[in-house]
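The values are calculated or read from the model by the stated rules, or taken from the named source; none is laboratory data. Everything quoted here is computed from the prediction, not taken from an experiment. All Cβ positions, glycine included, derive from the backbone under ideal geometry; neighbour counts span all protein chains shown. Each accessible area value is taken on the protein alone, full model and side chains, heavy atoms only, with ligands, DNA and RNA left out. Shrake-Rupley method; radii C 1.70, N 1.55, O 1.52, S 1.80 Å.
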Amino acid sequence: METHISCLFPELLAMIFGYLDVRDKGRAAQVCTAWRDAAYHKSVWRGVEAKLHLRRANPSLFPSLQARGIRRVQILSLRRSLSYVIQGMANIESLNLSGCYNLTDNGLGHAFVQEIGSLRALNLSLCKQITDSSLGRIAQYLKGLEVLELGGCSNITNTGLLLIAWGLQRLKSLNLRSCRHLSDVGIGHLAGMTRSAAEGCLGLEQLTLQDCQKLTDLSLKHISRGLTGLRLLNLSFCGGISDAGLLHLSHMGSLRSLNLRSCDNISDTGIMHLAMGSLRLSGLDVSFCDKVGDQSLAYIAQGLDGLKSLSLCSCHISDDGINRMVRQMHGLRTLNIGQCVRITDKGLELIAEHLSQLTGIDLYGCTRITKRGLERITQLPCLKVLNLGLWQMTDSEKVRDCSDFACGVACTSPEHLVLCNAKSSS
């Protein structure tokens, strides 16, 4: 008896279609009625985000999405009212409006006119016309929200954070990147320091404050006191925080990832505060903190030896600092030391000898390393990613092809950014 795919039960077809990408799922549904019925099974579309251009009326669009169980929507361009989406997707779970520059408070106000209990994630990144007024609507009607992205919403002020702290107690992740009007007062609202006005978002687990230039060490004090469950904190480009602020963070036992990239006032003293506390960090980024040097590596080895990822790009570290660190950091998986121009082959040899679990290393702009040091690095058994951009070589040292390295690391010209699979020949 001849068997054919058309003989399969719809449940089996649905299982197969579940492995297809979104475009192929749609194509499968156009083959025949049997395939369409199988392709419209909700299990096929579980977790899929519909990406839509809202340009003209399409009465069948939202019924079709709901029939397939799609609850996550990204609007790529918005030329119709946002209320069209909200009314059409009664059980919407995630709404991404990132980059919808024409979205205004008025448009959002017309969309959010009653409670939407199903919505868990809202992305308004780069919606530059949005102000505190919209945050009032969100706090009033989206009380189940867990993820809120406001990166680049430069009109948001401390009043907006007060509204968030009043209405969004279930919030777990908040991105405030480049909201430059925010100050310590607003962070105090989030951390519940003004209980008479708002309870605060005390359940926050991820907080991004990148490029919030008005924040000072007082914000870190608020965070350490009120947001005790925080696991990820991004303070990159916050030039107003200093070593003293890190003392407040040093006892946040829940914190796992801390980004201090380009925080100009952070020095070895701040790293000492972190290392001497009770932190259990798995990721730390102090890249472009030009006051961080070899002494910081000694502190890291003493008190932050559980790190899996460490970024030190453009810091004033040398082979001596590497020597003081690597002997205690056996669990390190990712090490970024790009533009650390004092690192030589000796440093690479120490890394190769002690960091056997390393899967990725960035050596971009390390101008004093040679082929000899790279040969040691590429012998690391777990290495998968190697960045050699701007590696300066003499004519006699230039690597012409992957045969120059026993591991098969590909390197073209020293000007190129190279992402290599160093394990390919193992």
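The residue pairs whose first member lies in segment 45-57 and is more than 9 Å from VAL22 (Cα to Cα), whose second member is open to solvent by 100 Å² or more (accessible area, probe 1.4 Å), and whose beta carbons are closer than 9 Å, counting only pairs six or more residues apart or on different chains, are HIS53/ARG79; LEU54/ARG79; ARG55/ARG79; ARG56/ARG79.
Checked against (1) touching a Ser or Thr at 6+ places or on another chain (Cβ under 6 Å); (2) crowded, with 21+ Cβ neighbours inside 10 Å; (3) part of a loop (DSSP other than H, G, I, E, B), GLY240 meets all criteria but (2). Exactly one condition in (1) open to solvent by 20 Å² or more (accessible area, probe 1.4 Å); (2) in a loop (DSSP other than H, G, I, E, B); (3) in contact with a strand residue (DSSP E or B) (Cβ under 9 Å, 6 or more places away or on another chain); (4) of a type in the set (A, V, I, L, M, F, W, C) is not met by LEU126; state its number. Here LEU126 clears every test but (3).
Yes or no: segment 226-235 includes at least one residue that is within 18 Å of the chain's Cα centre (by Cα), surrounded by 19 or more Cβ atoms within 10 Å (Cβ to Cβ) and in a loop (DSSP other than H, G, I, E, B). Checking segment 226-235: at least one residue is within 18 Å of the chain's Cα centre (by Cα), surrounded by 19 or more Cβ atoms within 10 Å (Cβ to Cβ) and in a loop (DSSP other than H, G, I, E, B).
Scanning segment 267-293 for residues that are part of a strand (DSSP E or B) and either under 19 Å from LYS308 (Cβ atoms) or β-branched (Val, Ile, Thr) (or both) yields GLY283, LEU284, ASP285. Filtering segment 146-163 to residues that are among the aliphatic types (A, V, I, L, M), open to solvent by less than 40 Å² (accessible area, probe 1.4 Å) and under 18 Å from LEU232 (Cβ atoms) leaves LEU148, LEU150. Listed conditions (1) at pLDDT below 95; (2) in contact with a Cys (Cβ under 6 Å, 6 or more places away or on another chain) are all met by THR359, apart from (1). Sub-8 Å Cβ pairs linking a first residue in segment 185-210 that is within 15 Å of LYS221 (Cα to Cα) to a second residue that is surrounded by fewer than 16 Cβ atoms within 10 Å (Cβ to Cβ) and among the small types (Gly, Ala, Ser), at least 6 apart or interchain, are HIS189/ALA197; LEU202/GLY229, ordered by first then second residue. Whether a residue is surrounded by fewer than 16 Cβ atoms within 10 Å (Cβ to Cβ), touching a residue at least 12 places away in the same chain (Cβ under 8 Å), within 29 Å of GLN210 (Cα to Cα) and under 26 Å from the mean Cα position of the chain (by Cα) was assessed, and LEU76 passes this test.
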